[in-house]
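Read through the structure below, which is laid out as structure tokens, and then see the notes.
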Amino acid sequence: MSEQLDTTPTTGPVLSAVNVTKQFRVAGGHITAVDDVSVDFHAGKVLAVVGESGSGKSTLARMLLRLMPVTSGQIMYQGKDVTHIKGGELRKYWTDVQAVFQDPFSSFNQFFSVGHTLRRGMGRQHLSEENLDQLIETCLGYVGLKPADAVHKYPHQLSGGQRQRVMIARALMMNPKVLLADEATSMLDASLRVSALNVLQDLRDNLGLTVLFITHDIGQACYLADEVVVMEHGLIVERGTTDAVIFDPKNDYTKRLLADVPDLKGSLKVRKDG
Ligand SMILES: Nc1ncnc2c1ncn2[C@@H]1O[C@H](COP(=O)(O)OP(=O)(O)OP(=O)(O)O)[C@@H](O)[C@H]1O
Ligand SMILES: [Mg+2]
């Protein structure tokens, strides 16, 4: 079998879950964390998966990332079934589909500078020193950090928002097709969160990156995303363009989530006008 994953572009979705179910064994039986979910994520868009705590968002994310096996169903990447790929194919998949998680601090070695962390992140990729420095500079630039300053900093010298940006830069160094951010901004305070969300939008606009943004906060989802998927109890209960979900929600659960963010329509208008 070829070591390379065939990533010939196709016209369909970049990433899909097809009838994906995840059950966990618990005392006295099992729970269904993700229940027969099918969803397509289209290239070059920001797609939000939103739902309350325990609705199955991270479980779905881990299966999409091939970090957790499915109980049943398929994960498709660029038209290819990747549910059971292994070895070199899986490593290539993990290059193409990068993740950024919630707590950036715990993802750093406190004794390593940003520059060192980013170099190590490249692992076995064969790049000359010069090209590696250039790549680090470019990727720090993409996330709005000044490379000359940032490379010498240690984690404790960075704000939460800056650490989060470094994590995104590290993911970008792999030249991914998809960036999955699971509650990546929930540790940040409000102003930093907006700028982190703007970074993700810039990546979509400037690099054509597909961003999968997972959050319990429908306000953030609607601010950022082109399309929104709403999960409740392991099921997708609503999906659509952000405008459709905000202005014409079909599902009662979506309506309840939206009712908790009274100024959402106003802030969406601000985003569009400005
Ligand atoms: N490893 C596990 N073993 C048993 N149950 C699990 C496991 N992981 C998740 N669950 C359960 O699956 C359900 C979905 O969890 P999941 O972490 O996917 O939710 P979530 O939507 O990401 O929530 P949050 O917003 O709090 O991050 C929950 O009921 C959770 O308790
Ligand atoms: Mg979660």
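Identify all aspartates and glutamates with a Cα-Cα distance to residue 80 below 12 Å; exclude those on the same chain that are fewer than 8 residues away in sequence.
Answer for residue 80, where 12 Å is the Cα cut-off: 6, 89, listed by chain and number.
Would you mind getting me the FRET efficiency between residue 248 and residue 130? Use the beta-carbon distance for r and R0 = 51 Å, nearest 0.05.
Numbers: r = 53 Å, r/R0 = 1.04.
Efficiency for this residue pair is about 0.45.
If I take R0 = 30 Å and measure r between the Cβ atoms of residue 207 and residue 27 in this structure, what FRET efficiency does the formula 1/(1 + (r/R0)^6) give, to the nearest 0.05?
0.05
With a/c under 1.5 counting as rounded, go ahead and sort the chain into rounded, prolate or oblate using the C-alpha gyration tensor (a ≥ b ≥ c being the square roots of the eigenvalues; past the cut-off, prolate if a/b is larger than b/c, else oblate).
Values: a/c = 1.68, a/b = 1.20, b/c = 1.40.
Because a/c hits 1.5 or more and a/b fails to exceed b/c, the chain counts as oblate.
Please list, by residue number, everything in region 110-139 whose backbone N is under 20 Å from a paramagnetic label point 7 Å out along Cα→Cβ of residue 198.
Counting only backbone N, you get 139.
About the Cα centre of region 17-159, what is the dipole size in debye to 20, counting +1 per Lys and Arg Cβ and -1 per Asp and Glu Cβ, all else neutral? Provide the component values of the computation, followed by the final result.
Numbers: 15 positive and 13 negative charges, 71 e Å.
For this selection, approximately 340 debye.
For region 52-107, just say rounded, prolate or oblate: build the C-alpha gyration tensor, square-root its eigenvalues into a ≥ b ≥ c, call rounded for a/c under 1.5, and beyond that prolate if a/b exceeds b/c, oblate if not.
Working: a/c = 2.37, a/b = 1.29, b/c = 1.84.
The shape class here is oblate.
Can you give me the Cα centroid spacing of region 64-116 and region 156-226 in angstrom?
A separation of 16 Å, based on Cα centres.
With each pseudo-label sitting 7 Å past Cα toward Cβ, what's the residue 116-residue 42 distance in nm, one decimal?
4.6
Restricting to DSSP loop positions (anything but H, G, I, E, B) with no more than 13 other Cβ atoms inside 10 Å of their own Cβ, which chymotrypsin sites (Phe, Trp or Tyr not before Pro) remain in region 16-118?
Qualifying residues, ordered by number: 111.
Filter 45/153; 86/177; 22/45; 57/177 down to the pairs with a C-alpha to C-alpha distance above 22 Å, please.
Working: 45/153 32 Å; 86/177 19 Å; 22/45 26 Å; 57/177 20 Å.
Check vs 22 Å cut-off fails for 45/153; 22/45.
Restricting to DSSP H runs of at least four residues, report the calculated mean residue ellipticity at 222 nm for the chain, -39500 (n - 2.57) per run over all residues, nearest 500 deg cm²/dmol.
On the way: 11 runs with 106 residues, N = 274.
Mean residue ellipticity at 222 nm (helix-derived): -11000 deg cm²/dmol.
Sequence neighbours fewer than 8 away in the same chain don't count; with that in mind, list the aspartates and glutamates whose C-alpha is under 15 Å from residue 255.
Once the sequence-local aspartates and glutamates are set aside, what remains near residue 255 is 52, 217, 232, 238, 243, 263.
Read the figures in this text as sums done on the coordinates, not as results from a lab. As the structure is a prediction and not an experimental result, all values here were calculated from the model. When we count neighbours, we look across all protein chains shown, and the Cβ atoms used for this are built from the backbone with ideal geometry, even at glycine.
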